[in-house]
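One structure is given below, encoded as structure tokens.
The values are calculated or read from the model by the stated rules, or taken from the named source; none is laboratory data. On a predicted model such as this, the values are computed, not experimentally measured, just so you know. Using ideal geometry, Cβ is built from the backbone for each residue, glycine included, and neighbour counts are taken over all protein chains shown. In case anyone asks, the SASA skips ligands and DNA or RNA and just uses the protein heavy atoms, side chains included. Shrake-Rupley method; radii C 1.70, N 1.55, O 1.52, S 1.80 Å.
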Amino acid sequence: MSKVHLPQNLILKQIEVGHMENYAYFIGCKKTHEIAIVDPGWDVEYLSNEVEANSYKVSAILLTHSHYDHVKGIQELLNIYNVPVYIAKKEMALLQYKNNNFRFIEDGHKIKIGEIEIECILTPGHSPGSICFKCENVLLTGDTLFIDGCGRCDLPGGDPGKMYNSLYNLIMKFPEDTIVYPGHNYGEVPFASLGELKTINSYLICKNEQEFLKTRMGIW
């Protein structure tokens, strides 16, 4: 794996949580010590202890999608930090949690955490409102893209055709030095550049949509 160069003012901490090999993230601003917590599905006590140990200020919660293993810890976390929770508007129908803290966002929405700006990129396929969060060359992909695969599309709201479009016509168009940080620890390394994934991830080497659907999604 090539050496990673992160934006100078960016806080980025990848934390494996729970029993499903989930990754939660702290992403934020070194200058102000403000962070957002991404996908707090598990181990809220551990996450909050890490916040305190690093003297961070939690400004927001960001959700890549609404599946329980990514959102299970929300209410417990909101009991500690009364902050807005950002999730795609297209996830509303699947979201079981009801809370006034939720902010429903669209593709292209920008979120400021301290002095850094995070762009929300709608990447449906795994779910209708799956979101990737991008800050310069850093891309948090949730269950849209893993190091060694992509999210399953046979759950409610999943769509293999939309997954193909999200992978090949959106994510694959980013610069090859974009660093992909996935939602699960499914691979030999915890993160990798997009250029590297184009050579090692079999879901990114299909010649066309038909091949992707047939050989990767099992649709004949």
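I'm told Ile118 meets every condition in (1) within 25 Å of Pro175 (Cα to Cα); (2) in a helix (DSSP H, G or I) except one. Can you identify the failing condition by its number?
Looking at each condition in turn, Ile118 falls short on (2).
Go over the candidates Gly114, Gly157 one by one and state the one that is touching an Asp or Glu at 6+ places or on another chain (Cβ under 7 Å) and either within 26 Å of Ala36 (Cβ to Cβ) or open to solvent by 10 Å² or more (accessible area, probe 1.4 Å) (or both).
Values: Gly157 fails: touching an Asp or Glu at 6+ places or on another chain (Cβ under 7 Å).
Just a single option satisfies the conditions, and that option is Gly114.
Please work out which residue is surrounded by the most Cβ atoms within 10 Å (Cβ to Cβ), limiting yourself to the range 177-212 and to residues that are acidic (Asp, Glu) and either under 18 Å from the mean Cα position of the chain (by Cα) or modelled with pLDDT of 95 or more (or both). Working first, answer last.
From the range 177-212, those acidic (Asp, Glu) are 177, 188, 196, 209, 211; that's our starting set.
From what's left, either under 18 Å from the mean Cα position of the chain (by Cα) or modelled with pLDDT of 95 or more (or both): 177, 196, 209, 211.
Values: Asp177: 13, Glu196: 18, Glu209: 15, Glu211: 12.
Of everything passing the filter in the range 177-212, Glu196 is surrounded by the most Cβ atoms within 10 Å (Cβ to Cβ).
Scan the range 35-53 and report the pairs whose first residue is under 24 Å from Ile131 (Cβ atoms) and whose second residue is among the aromatic types (Phe, Trp, Tyr) and open to solvent by 10 Å² or more (accessible area, probe 1.4 Å), with Cβ atoms within less than 6 Å and a gap of 6+ or a chain change.
Hits for this filter: Ile35/Tyr56.
Let me spell it out: the conditions are (1) outside any helix (DSSP H, G or I); (2) touching a helix residue (DSSP H, G or I) at 6+ places or on another chain (Cβ under 8 Å), and Tyr168 meets all of them except one. Which number is the exception?
Failed condition: (1).
Restricting the search to the range 76-97, which residues are more than 17 Å from Thr141 (Cα to Cα) and either open to solvent by 100 Å² or more (accessible area, probe 1.4 Å) or out of contact with any helix residue (DSSP H, G or I) (no Cβ under 9 Å at 6 or more places or on another chain) (or both)?
Keep residues of the range 76-97 that are more than 17 Å from Thr141 (Cα to Cα), which gives 76-85, 89, 92-97.
Glu76, Leu78, Asn79, Asn82, Pro84, Lys89, Met92, Ala93, Leu94, Gln96, listed by residue number.
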